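Undergrad: A single structure is presented below for examination.
The values are calculated or read from the model by the stated rules, or taken from the named source; none is laboratory data. Since this is a predicted model, take the numbers as computed values, not measurements. Because the Cβ atoms are built from the backbone with ideal geometry, glycine has one as well, and the counts that use them run over all protein chains shown. In case anyone asks, the SASA skips ligands and DNA or RNA and just uses the protein heavy atoms, side chains included. Shrake-Rupley method; radii C 1.70, N 1.55, O 1.52, S 1.80 Å.
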Amino acid sequence: MTDHTILRVVSKLLLPYVLLFALYVQFHGDYGPGGGFQAGVIFAAGFVLYGLIFGLTAVRRVAPARMVELVIATGVLVYAGTGVVAMLLGRNFLDYDALNPAHPSTGQHYGILVVELGVGMTVAAVMIAIYSTFAGRGRA
Amino acid sequence: MRGLFAAVMLMGIFSFLGASWMLLLDAPDVAFTEASVGAGISTILALATLALTTRKAKVPVRRPALPLLIVAVTGAALVYGTLDMPHFGDPEAPASNYPHPSYVERTEDDIHVPNVVTAVLASYRGYDTLGETVVIFTAGIAVLALLRGSRKRRPAGGGGEDAR
């Protein structure tokens, strides 16, 4: 689809806003609707759009398969790691009060942000990995 | 209907209608997920599958009489089950009684986060969400292992087009 000028131009215009919207959904999820799951999918949708228009090789250049796989695992580790940090600080697993004992509600806020980031990383990377594996099979 | 392209499109439309319905029920978080995952990524993955396989479903060899009967009976049982459910928006319903007010009231003090859905998802029910993330992780790894593994064993040039 690389010779469709209109598609190329429009998708290039849209891409930054898709990614920006994903980040907004990610980090604004505690104030409005949204969170890690939705943000991850929207972020991956940006990559899918890029892959549909500019080809899979272009996506692989931005997000090499090895890096995507690393991010899949890192997201889960970020989530579980937050729980372990809370344990090391002397509270229960995933008890975010420990992150700021003086103001437990602020600690909860930090914890939710970090945990949602982990969810978003895993979801986005899994979606990108599945899409590029599917799209890559046809030309193997 | 044998055209799989139309089936995928209908699935996407259905999912989008589902998202609108969730929005009508004042559940923007769920509507958001349904629209992005169901109508968005799932449709694209289904289309990618079509591109790898074929656009037409095979004509079934046998008459689907027994499956049709099973589906009809199960559907009738489910509809019968809904007759016992409380009416929509019923203040006496268990869903609007037990967990709902306490979380809404407590989030304000416990957690410095206005979106109660996020608070329940990431903090009160943090274990469940960790489990969900691990499920997605496992699913991703499984898909990668399946698709990549079979590609390596297949001789170059033969893969993809004839796969069904």
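Undergrad: I'd like to check something: does the stretch A:127-134 contain any residue that is more than 9 Å from chain B (Cβ to nearest Cβ) and touching a helix residue (DSSP H, G or I) at 6+ places or on another chain (Cβ under 7 Å)?
TA: So far as the stretch A:127-134 goes, yes, one or more of its residues are more than 9 Å from chain B (Cβ to nearest Cβ) and touching a helix residue (DSSP H, G or I) at 6+ places or on another chain (Cβ under 7 Å).
Undergrad: Another question, if that's okay. Within the stretch B:58-65, does at least one residue satisfy the condition of being open to solvent by less than 100 Å² (accessible area, probe 1.4 Å), more than 20 Å from A:D95 (Cα to Cα), in contact with a Pro (Cβ under 9 Å, 6 or more places away or on another chain) and not in a helix (DSSP H, G or I)?
TA: For the stretch B:58-65, residues open to solvent by less than 100 Å² (accessible area, probe 1.4 Å), more than 20 Å from A:D95 (Cα to Cα), in contact with a Pro (Cβ under 9 Å, 6 or more places away or on another chain) and not in a helix (DSSP H, G or I): absent.
Undergrad: Mind checking which residues of the stretch A:2-56 are among the small types (G, A, S) and farther than 26 Å from B:L23 by Cα?
TA: Correct list: A:S11, A:G51, A:G55.
Undergrad: In addition: Select from the stretch A:91-107 the residues that are open to solvent by less than 80 Å² (accessible area, probe 1.4 Å), in contact with an Asp or Glu (Cβ under 7 Å, 6 or more places away or on another chain) and in a loop (DSSP other than H, G, I, E, B) and list them in ascending order.
TA: none
Undergrad: Please indicate, with yes or no, whether at least one residue in the stretch B:78-85 is open to solvent by less than 90 Å² (accessible area, probe 1.4 Å), in a loop (DSSP other than H, G, I, E, B) and more than 29 Å from A:G120 (Cα to Cα).
TA: no
Undergrad: Next up: If only one of B:T74, B:T53 is among the polar types (S, T, N, Q), touching a residue at least 40 places away in the same chain (Cβ under 8 Å) and open to solvent by 30 Å² or more (accessible area, probe 1.4 Å), which one is it?
TA: Just one listed residue meets the conditions, B:T53.
Undergrad: While we're on this one: Out of B:E132, B:E105, B:E92, which single residue is closer than 21 Å to A:A44 by Cβ and open to solvent by 60 Å² or more (accessible area, probe 1.4 Å)?
TA: Within the list B:E132, B:E105, B:E92, the selection yields B:E132.
Undergrad: Another question, then. Would you pick out the residues in the stretch A:40-70 that are crowded, with 21+ Cβ neighbours inside 10 Å and within 9 Å of chain B (Cβ to nearest Cβ)?
TA: Answer for the stretch A:40-70, where residues must be crowded, with 21+ Cβ neighbours inside 10 Å and within 9 Å of chain B (Cβ to nearest Cβ): A:G40, A:V41, A:I42, A:A44, A:A45, A:V48.
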